[in-house]
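A quick write-up on the structure given underneath.
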Amino acid sequence: MVSTVVAPRPSLNTPSTPAPELVGLAVCPSCHTQDRSMTNLAVSAGADWQCSRCGSRWDAVRLAAVAAYDLWVSERTAASVHPATHARGDV
Ligand SMILES: [Zn+2]
């Protein structure tokens, strides 16, 4: 009889790391490809990189613009589909 050995899982409650997104790899907002040679930390420090997949060039300014646009779109989308903008129960 073989007992099942449960592999140790990575700790779920990892000690708080400072801004995990900053230590990760930079990701192209267009095609969501990680660049293996570029970290978010480097980007935030002023570096730029060219996506190896779609060829887009990115730097902190462009990323901020895209992030702001995404936020704007999601806010608009949320507002347009939100039923609370219409009075309910009143035909
Ligand atoms: Zn890309």
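Determine the pairs where a residue that is in contact (Cβ under 8 Å) with a residue 12 or more places away in the chain and part of a strand (DSSP E or B), located within the range 48-61, has a partner that is more than 8 Å from the ligand (Cβ to nearest atom) and charged (D, E, K, R) with Cβ atoms under 7 Å apart, the partner being 6 or more residues away or on another chain. These pairs meet every condition: Trp49/Asp35; Trp58/Asp48. Of all the residues in the range 45-62, those that are charged (D, E, K, R) and near the ligand (Cβ under 8 Å from one of its atoms) number 1. Checking the range 2-19 against the condition returns no match, with no residue being at pLDDT 75 or above and in a loop (DSSP other than H, G, I, E, B).
Hey, any hits in the range 28-42 for a residue that's within 15 Å of the ligand (Cβ to nearest atom) and of a type in the set (Val, Ile, Thr)? So far as the range 28-42 goes, yes, one or more of its residues are within 15 Å of the ligand (Cβ to nearest atom) and of a type in the set (Val, Ile, Thr). For the range 34-53, the set of residues classified as over 16 Å from Ala67 (Cα atoms) and of a type in the set (Val, Ile, Thr) consists of Thr39 only.
The values are calculated or read from the model by the stated rules, or taken from the named source; none is laboratory data. Every value quoted in this text rests on a predicted model; they were computed, and no experiment measured them. Positions of Cβ are generated from backbone atoms using ideal geometry, with glycine treated the same way; all protein chains shown enter the neighbour counts.
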